[in-house]
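The values are calculated or read from the model by the stated rules, or taken from the named source; none is laboratory data. Fair warning: this is a prediction, and the values are worked out from it, not measured in the lab. Glycine also receives a Cβ, built like all others from the backbone with ideal geometry; neighbour counts cover every protein chain displayed.
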Amino acid sequence: MLIPSSFSILQDKLPYNASSIDELEVIEDISSKYHEITFIDATTNLENHKNEYIYYKTDHHWTILGAFYAYQAWHNADEKNLDFYDIKKVSTDFLGSLYSKVLNSNTAFDKIELFYPKDQINYEITYNFNQKKSDTLYDFSKLKTKDQYQIFLGGNYPEITIHTSKNNNRSILLFKDSFANAFIPFLLNDYENIYIIDLRYFNKDINIYLKDKDIDEILFLYNLYNLSEDTSLRKL
């Protein structure tokens with residue numbers, strides 16, 4: 001699943017003659033060349049909802065609503081809809097990475113929302129091979145820091161394991177960048193075991209890691225711009 005940047009979906013909001021890469025064409029080109037891999041088209045659903053709050057205005061990430069529409073594209077849209085979630089606003093004063101580059105005092109704040117499934121799933125998270133444990137995907141202390149997007153998972157870690165009460169014997173391994181942090185909450189309703197690897201920080205033997213796990217599916221979820229600059233994929 002390759003995720004386009006906001007400037008690709010929201011082109012109508014760019015200044016006249018603004019130069020940008022045609023990410024949508026690049027994603028289509030990549031997906032046409034690797035027939036042994038299943039590509040999930042998140043772009044179409046994001047485009048269909050581009051008038052909604054799917055990307056932050058002051059940050060390069062998508063919002064959790066944008067992540068939801070990508071998740072919806074993975075499933076049948078009739079099976080996954082917003083009625084399954086309680087949506088809670090947790091911040092109204094987020095100024096992200098794009099703001100830090102421009103520092104425009106007239107910039108409007110972003111808000112951060114969280115989605116809680118009405119059919120609640122119990123789960124436990126372990127970080128960095130059991131070095132840290134938690135029972136929530138959200139680190140609310142990050143709302144008091146500059147990078148409030150880190151509320152999702154508390155930021156980026158080399159390895160995360162999530163065991164849920166789903167009890168369906170399904171497991172998935174997710175290779176990801178920070179865009180996936182807002183996507184992961186939606187996986188709780190699908191899998192009993194979720195293994196998450198951020199190759200930028202992972203320094204162990206990935207083959208040994210794979211042999212130790214009983215994994216049914218592997219998902220690569222990256223923002224296209226991040227993917228183009230990420231040399232850590234060479235570890236695979």
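A few comments on the model shown:
- If you go through the stretch 86-113 and keep only what is more than 20 Å from Y53 (Cα to Cα) and surrounded by 14 or more Cβ atoms within 10 Å (Cβ to Cβ), you end up with nothing.
- Within the stretch 48-72, the set of residues being aromatic (F, W, Y), buried (at least 19 other Cβ atoms within 10 Å of the Cβ) and either over 12 Å from the mean Cα position of the chain (by Cα) or closer than 14 Å to L10 by Cα (or both) comprises Y55, Y56, W62.
- Flag if L187 is surrounded by 13 or more Cβ atoms within 10 Å (Cβ to Cβ) and either touching a Cys at 6+ places or on another chain (Cβ under 8 Å) or closer than 29 Å to I9 by Cβ (or both): yes
- Positions within the stretch 114-138 being among the acidic types (D, E) and either in contact with a strand residue (DSSP E or B) (Cβ under 8 Å, 6 or more places away or on another chain) or buried (at least 19 other Cβ atoms within 10 Å of the Cβ) (or both), in sequence order: E124, D135
- Criterion applied to I3, I40, I54, I9 was being aliphatic (A, V, I, L, M) and touching a Gly at 6+ places or on another chain (Cβ under 6 Å), and the one residue passing it is I54.
- Lone unmet requirement of (1) surrounded by 15 or more Cβ atoms within 10 Å (Cβ to Cβ); (2) at pLDDT below 95 for A182: (2)
- Residue list for the stretch 1-26, filter: surrounded by 15 or more Cβ atoms within 10 Å (Cβ to Cβ) and either more than 19 Å from I218 (Cβ to Cβ) or without any contact (Cβ under 8 Å) to a residue 60 or more places away in the chain (or both): P4, S5, S6, F7, S8, I9, L10, E23, L24, V26
Let's see how each residue does on (1) closer than 20 Å to F140 by Cα; (2) touching a Lys or Arg at 6+ places or on another chain (Cβ under 7 Å); (3) among the polar types (S, T, N, Q):
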{"site": "S19", "(1), (2), (3)": "no, no, yes"}
{"site": "H35", "(1), (2), (3)": "no, no, no"}
{"site": "I40", "(1), (2), (3)": "no, no, no"}
{"site": "S97", "(1), (2), (3)": "yes, no, yes"}
{"site": "A108", "(1), (2), (3)": "no, yes, no"}
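- When the test is whether a residue is of a type in the set (K, R) and within 16 Å of the chain's Cα centre (by Cα), R200 passes it.
- Condition met for S31 (assigned to a loop (DSSP other than H, G, I, E, B), more than 29 Å from K142 (Cα to Cα), small (G, A, S) and more than 19 Å from the chain's Cα centre (by Cα)): no
- Qualifying residue in the stretch 213-226 (condition: basic (K, R) and out of contact with any strand residue (DSSP E or B) (no Cβ under 7 Å at 6 or more places or on another chain)): no
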